[in-house]
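Have a look at the structure below before the remarks.
The values are calculated or read from the model by the stated rules, or taken from the named source; none is laboratory data. The structure displayed is predicted, hence computed values, not measured ones. Cβ coordinates were reconstructed from backbone atoms using ideal geometry, including for glycine residues, and neighbour counts include every protein chain displayed.
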Amino acid sequence: MKTSDSEASNTFQLDGEDIPFTPGQTIIQAAKAHGTYIPHLCWHPDFRAHGSCKLCTVKVNGRFGSSCTMEAKPGLEVENRTTELDDKRRTLLQMLFVEGNHFCPSCEKSGNCTLQATAYELKMVSPHFDMFYPDRAVDASHPDILLDFNRCIMCSLCVTASSEVDGKNVFYMGGRGLLGRRVHVSSESGKLADTDFALSDRAASICPVGVILKKRRGFAVPIGERTYDLAPISEQPAEQTP
Amino acid sequence: MTFELETAISPEKLRRVAIDPVSRVEGHGKVTILLDDDNKVHQVRLHIVEFRGFEKFIQGRPYWEVPVMVQRLCGICPVSHHLAASKALDMMMGVKQLTPTAEKIRRLMHAGQILQSHALHFFHLSSPDLLFGFGSDVAARNIVGVIAAHPEIAKKGVLLRKYGQEVIRMTAGKRVHGTGSVPGGVNKSLSAEERAELLKDAYQMVAWSRDAVGLIRQLFEQNLTEYNRFGRFRSAGMCLVAADGSMDLYHGGLRARDADGNTMFDHFDYSRYWDVIGEDVKPWSYMKFPFFKSLGPEDGSYRVGPLTRVTHCDSIPTPLADKEREAFVAFDGGSSAGATLGYHWARMIEMLHAAECIKDLLHDDDIIGHDLMATGQRQERGVGVIEAPRGTLIHHYRVDENDQVIRANLIVSTTHNNQAMNTAVREVAKQYLDGVEITEGLLNHIEIAIRAFDPCLSCATHALGQMPLEVAIVGADGNVIDEATRDHRGLTRLVS
């Protein structure tokens, strides 16, 4: 078998472009470092990969794989923004939208929401599937933080951040089935007020959607100045987005 | 108690004509008319059949979300709900005085709203009736017909509305359903560039608004008897006025006068509106019937909106509009100031006032200031009242210690005018439909009375003439005797 240039060096091909990597990096880590966007939701550069949302699925040498968990290797040929993959990603997004209650018009996270921005990026124009309209509560018991579970996409980032950075284990993934599974609060009452959660916790600012919200600050940033008003998610500066 | 023509004595013997829907926009309205064999009118009812539901589904939501969420009540005047909710939540937050920049940006936003909504209401929705005649050819009786026959009038209407929308976009972030007003203030002021951009056309808007007042005056002069008589009825009225009694569409105290013009209450603190206003229910309508408590549900109905505001205020604090107010109330011995179609004249005077306010505010340096938010001592509830384009708008919320809304009550302009609109359509039915064969043109007279009050019940008809409409005349035995349809292209077909 012929040895290509990328096999001889620490690079792989992503949609025909040479992407350098350092040994141990995953495909998505190398792509992000290079400034190339691979759609994703549950992956965050500060945390270990979770591999659950499957939005970062790419084709590696013709086979599907999660770019957040697959190590970059010399000579890999990776497909990313193909019509086939973006179609599948759009379907995953549509399923996430109908599983929860995502009402962007009145959501304070609108314009700063990774889910919404990714939907725009992937040209999702309708939910396609029937809405589930799950009955989910709002936990407003904490003096500084409001939890609106209607918008949970089960990325687990808050669970990881609270556990691994804050050392508090405030959140856990629980419940069964499509309607039951979501993030929960690990206090005996199930209320956030009965935990030691604080506004300064890393978990308080990790939510990619509108579940964990700082109280009394909604809509403080005007339309036109929000993160994704300025540029689509695929064109954001690397340090601005997860 | 029922009003004349509200309930027929023996409805089972009568045939029913229904205008359904009167509109497709948020006020899914319907008019039913009961006639006997001689086409004598026995009952006329305007039904607003929508279930609004906002009071219920904002329960449990965080209060800061409310001004953005409740404005979805309306696509024509969302700014009114956005601001009324913000004012209510200012009170809940204990904010007694906004920063000068915040108050002026909100006033600018509101003036933009009045300008665009009044332009839409008059030019796009109502002017076809007035320019072509109440029973004129339905194929041309729409804004496209106005563009063809009166291109200069149509152009001014379209550009006035566009300018108002631009004012809203620059103050709220979007032309429709923005986020600019937040409890305690605003999230943006104008940049110097935005101010300069709006100033370019501000004087043109004032001039065109003056022309619009001249146009409605001219139409009254040409059709004085019919315009003054059309759907006319005596009514009490209510609106906000400033401390000096002048017109203030953003803030003030409540002023009410009975049908004889006697003051019932004045400068009333709206935070206790329930002391003077009650809400009655009727078995045939989903919409409540507000009334002055001192007069009771039988005699206490009233009307709100431009006609009431222009005739109840002592003055208008912008010179050109005030001059037009004086001319209006003096015209023909004051006869048109009590006419249902006088709403349109008053509406154009208010549009001129809004254009003058925009021009003045754009010259005020506070609108480019950066002090946007105020704070105060938290309260359990808040009431916000504003004069929306169609009339007085009341928002009332209670918020718990966790920042969640636990109760809400909204009394919107259309609801205040419920009895007034019913009375107007009954008067029109008596004047035009009684004892004659019903035609599309005659049914349009009913809709013209509604349009005088409320664009949300007429926009589907007159935006592009595309309101599908079915009218069925059903005999006492339940069989359809005659029917007429208007399809999605606006074409009317009589079946028989």
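Numbers for the structure displayed
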item: Matching residues in the stretch A:111-141 - criterion: being surrounded by 14 or more Cβ atoms within 10 Å (Cβ to Cβ), of a type in the set (Asp, Glu) and over 18 Å from the mean Cα position of the chain (by Cα); result: A:Asp139
item: Of the criteria (1) more than 30 Å from B:Lys188 (Cα to Cα); (2) at pLDDT below 95; (3) more than 11 Å from chain B (Cβ to nearest Cβ), which one A:Ala137 fails; result: (3)
item: Every residue from the stretch B:170-187 that is charged (D, E, K, R) and at the interface with chain A (Cβ under 9 Å from one of its Cβ atoms); result: B:Lys174
item: B:Ala337 being of a type outside the set (Phe, Trp, Tyr), farther than 20 Å from B:His81 by Cα and touching a residue at least 40 places away in the same chain (Cβ under 8 Å); result: no
item: Test for B:Ser117: is it touching a strand residue (DSSP E or B) at 6+ places or on another chain (Cβ under 9 Å), under 29 Å from B:Asp211 (Cα atoms) and surrounded by 24 or more Cβ atoms within 10 Å (Cβ to Cβ); result: yes
item: Pick from the stretch B:375-411, criterion surrounded by 21 or more Cβ atoms within 10 Å (Cβ to Cβ) and charged (D, E, K, R), ranking: nearest to the chain's Cα centre (by Cα); result: B:Arg390
item: Count of residues meeting criterion [within 14 Å of chain B (Cβ to nearest Cβ), more than 24 Å from A:Asp46 (Cβ to Cβ) and in contact with a Ser or Thr (Cβ under 8 Å, 6 or more places away or on another chain)] in the stretch A:65-121; result: 1
item: Single residue of A:Ala193, A:Ala203, A:Ala198 found to be part of a loop (DSSP other than H, G, I, E, B), in contact with a strand residue (DSSP E or B) (Cβ under 9 Å, 6 or more places away or on another chain), under 21 Å from A:Val165 (Cα atoms) and not β-branched (Val, Ile, Thr); result: A:Ala198
item: Wholly within the stretch B:316-421, strands (runs of 3 or more DSSP E) carrying at least 3 residues that are away from every other protein chain (no Cβ under 14 Å) and at pLDDT 95 or above; result: B:381-388, B:391-399
item: Pair list, Cβ under 7 Å, 6 or more apart: the stretch A:192-216 residue more than 14 Å from chain B (Cβ to nearest Cβ) and more than 27 Å from B:Gly376 (Cα to Cα), other residue among the hydroxyl-bearing types (Ser, Thr, Tyr) and part of a helix (DSSP H, G or I); result: A:Asp201/A:Ser162; A:Ala203/A:Ser162; A:Pro208/A:Thr114; A:Val209/A:Thr114
item: Residue in the stretch B:350-364 that is free of Cβ contacts under 8 Å to residues at least 60 places away in the same chain and either touching a Ser or Thr at 6+ places or on another chain (Cβ under 9 Å) or among the aliphatic types (A, V, I, L, M) (or both) present; result: yes
item: Among the residues listed as B:Pro151, B:Pro128, B:Pro100, the single one being surrounded by fewer than 22 Cβ atoms within 10 Å (Cβ to Cβ), of a type outside the set (Lys, Arg), out of contact with any Asp or Glu (no Cβ under 7 Å at 6 or more places or on another chain) and at negative phi; result: B:Pro151
item: Failed item, numbered, when A:Asp144 is tested on (1) in contact with a helix residue (DSSP H, G or I) (Cβ under 9 Å, 6 or more places away or on another chain); (2) farther than 30 Å from B:Arg175 by Cα; (3) touching a residue at least 40 places away in the same chain (Cβ under 8 Å); (4) away from chain B (no Cβ under 14 Å); result: (4)
item: Close pairs from the stretch A:219-240: first under 21 Å from A:Arg81 (Cβ atoms) and away from chain B (no Cβ under 14 Å), partner assigned to a loop (DSSP other than H, G, I, E, B) and charged (D, E, K, R), Cβ under 9 Å, at least 6 apart; result: A:Ser234/A:Arg81
item: B:Pro290 vs. criteria surrounded by 15 or more Cβ atoms within 10 Å (Cβ to Cβ) and in a strand (DSSP E or B); result: yes
item: Within the stretch A:175-190, tally of residues that are in contact with a helix residue (DSSP H, G or I) (Cβ under 8 Å, 6 or more places away or on another chain) and closer than 20 Å to A:Ala161 by Cβ; result: 4
item: Selection within the stretch B:182-202 - surrounded by fewer than 16 Cβ atoms within 10 Å (Cβ to Cβ) and not in a helix (DSSP H, G or I); result: B:Ser191
item: Evaluation of B:Lys156 against (1) charged (D, E, K, R); (2) within 14 Å of another protein chain (Cβ to nearest Cβ); (3) closer than 30 Å to B:Leu219 by Cα (one fails), failing number; result: (2)
item: Residue in the stretch A:30-49 that is surrounded by the fewest Cβ atoms within 10 Å (Cβ to Cβ), counting only those that are under 19 Å from A:Leu85 (Cα atoms) and not hydrophobic (A, V, I, L, M, F, W, C); result: A:Thr36
item: Members of the stretch B:203-236 found to be touching a Phe, Trp or Tyr at 6+ places or on another chain (Cβ under 8 Å), in a helix (DSSP H, G or I) and surrounded by 20 or more Cβ atoms within 10 Å (Cβ to Cβ), listed by number; result: B:Met205, B:Ala212, B:Val213, B:Ile216, B:Phe220, B:Tyr227
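Residue-wise test of (1) among the charged types (D, E, K, R); (2) more than 29 Å from B:Leu362 (Cα to Cα); (3) within 14 Å of chain A (Cβ to nearest Cβ).
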| position | (1), (2), (3) |
| --- | --- |
| B:His47 | no, yes, no |
| B:Ile58 | no, yes, yes |
| B:Trp64 | no, no, yes |
| B:Arg72 | yes, no, yes |
| B:Cys77 | no, no, no |
| B:Ala84 | no, no, no |
| B:Pro100 | no, no, no |
| B:Ile114 | no, no, no |
